[in-house]
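Q: What follows is a structure written as C-alpha cells; I'll ask about it next.
The values are calculated or read from the model by the stated rules, or taken from the named source; none is laboratory data. Please read these numbers as outputs of a predicted model, since none were measured by experiment. Cβ atoms come from the backbone with ideal geometry, glycine included; neighbour counts cover every protein chain shown. Surface areas here come from the heavy atoms of the whole protein model, side chains and all, with no ligands, DNA or RNA. Shrake-Rupley method; radii C 1.70, N 1.55, O 1.52, S 1.80 Å.
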Amino acid sequence: MVARYFLFVLLLLPFVTFCDVITADGSVDYTIGTTGQSCSLRGAIINANADSIIDTNCPTGNGTDTILLTTSFTLSVTGRGENIGHQGDLDVTSNIIIIGSSPDITISANNIDRIFDVFGGHLVGIKLENLTLTNGYDNGFPGDVNMGGAIRTTTEPYVILDNVKVLSNTVDLSSKFEAIQASAGVLAAGIFRASNVEFRNNRVIGNIPSGSVISGAVSLYADTDTIIDGFVLDSNSINDTSVSNNIVSTGGFGLFGPNRLLANGYAINNRGKNGGVAFAGSLSQEMVVRLTGDMESNTADLGGCFDHRSSFPLIVELDGHSFLNNYARIGGVFYGQNL
C-alpha cells in the first residue's frame, strides 16, 4: 500500500521539466570567482539557481537543472549568514536535481555548517539521488529558530530523497535559549518524499530550550501526505531527554503538522523523549507503518517506539517482524491513543 501511494504522489511533484545537465567533477570547494577550476558542486548550484553563469568554471543553469556529481565533495569555504551559497552551506533557491554518478559519492559539510539550505516557496525544491550526506553541523546563526543538520527547508519547499544515506549530522543547541524547531537530519517545512533512505547516527546535542520540537531524523510540517518507501533508522538520538512538558523530542520522525505518514522500514537504537522512533502530534493525521525488520532497542521517556497524540489512528503492519527490547518509563512500545 505504501509503495502504491509513493508512486502516485511522485507523479504529482513539480519536477516535470528536465533541462540542462551540469557535470560537477571538481572535488575542490574553491572560492567563487576563482578561475581555472573543475566545476564544483557549489558553483553548479549557484549557476543553477541563477540560470546564468556566476561561476565561470561551470555551465549555465536553465530551468530545472540536473547536476551530475562525479566526485565526492567536502565543504571548506567558511562563512555564515549569507543566502547566495558562496560560503558555508549550499543554498538552493530553484528546482535542482543532484545525482551521484556512483553509490559511493558523498557530500560532507565538514562540520562547518549544515549541508543544504532550501528556501523560496512551495514551487522550489531539491531532489537527491545516490548520495551520502554527512557531517552537517547547525548550531544556529543568531536569531535562527529553524535548524537542520543535513537539510533545512523554510518557506515550504519540497525535498525528495532516492537512495540517500543521511549519516552523522548534528544540531547543537548549546547556545540557543529561545524555542527551536530542529532536526539533526532533515527539517522539512514542505513536501517530503523518500525511498530507500537511511538515517544513522544523527544527533541533537545541548539542552533543549523550553517550547522546542525536535527530531533526530526528520521533522515534518507539511499539510500533505509524507511517503517514505523503505527507511532505516539507526542510532539517531536526542541527548537531552528531560521530562519537561514544554519540550517534544523524538529520535526518528516527528509529525508536527497536519500531515499523514505512510512508511515502511525498521528502526534500531534510536533515542528521544517522545517516541524513540516517531512522534505524532495532535495536528497530525493517520500514521501507517509497515515493518520490513524488527523495531529493536529504541528508548524514550514516553513510548519506546511511538508517542501518538493524534485523534487519527496509528496502524502498524508487523508483516512477520517484532518489537524487541524497546524501553520507556511509560509505554515500552507505545504511548498515547488510537493504536
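Q: Across the stretch 299-328, what is the total count of residues that are assigned to a loop (DSSP other than H, G, I, E, B), of a type in the set (Gly, Ala, Ser) and surrounded by 19 or more Cβ atoms within 10 Å (Cβ to Cβ)?
A: 3
Q: Could you list, in sequence order, all residues of the stretch 55-101 that are assigned to a loop (DSSP other than H, G, I, E, B), touching a strand residue (DSSP E or B) at 6+ places or on another chain (Cβ under 7 Å), open to solvent by 20 Å² or more (accessible area, probe 1.4 Å) and closer than 20 Å to Phe119 by Cα?
A: Once the filter is applied, which keeps residues that are assigned to a loop (DSSP other than H, G, I, E, B), touching a strand residue (DSSP E or B) at 6+ places or on another chain (Cβ under 7 Å), open to solvent by 20 Å² or more (accessible area, probe 1.4 Å) and closer than 20 Å to Phe119 by Cα, the stretch 55-101 yields Asn83, Ile84, His86.
Q: Scan the stretch 171-196 for residues that are open to solvent by 10 Å² or more (accessible area, probe 1.4 Å) and farther than 22 Å from Ser102 by Cα and jot them down.
A: Asp172, Ser174, Ser175, Lys176, Phe177, Glu178, Ala179, Gln181, Ala189, Ile191, listed by residue number.
Q: I need the full set of residues from the stretch 214-247 which are more than 15 Å from Ala328 (Cα to Cα) and β-branched (Val, Ile, Thr), in order please.
A: Those that are more than 15 Å from Ala328 (Cα to Cα) and β-branched (Val, Ile, Thr): Ile214, Val218, Thr224, Thr226, Ile227, Ile228, Val232, Ile247.
Yes/no per residue for (1) more than 17 Å from Gly26 (Cβ to Cβ); (2) at pLDDT below 95; (3) of a type in the set (D, E, K, R):
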{"position": "Thr56", "(1), (2), (3)": "no, no, no"}
{"position": "Glu82", "(1), (2), (3)": "yes, yes, yes"}
{"position": "Gly88", "(1), (2), (3)": "yes, no, no"}
{"position": "Val92", "(1), (2), (3)": "yes, no, no"}
{"position": "Leu123", "(1), (2), (3)": "yes, yes, no"}
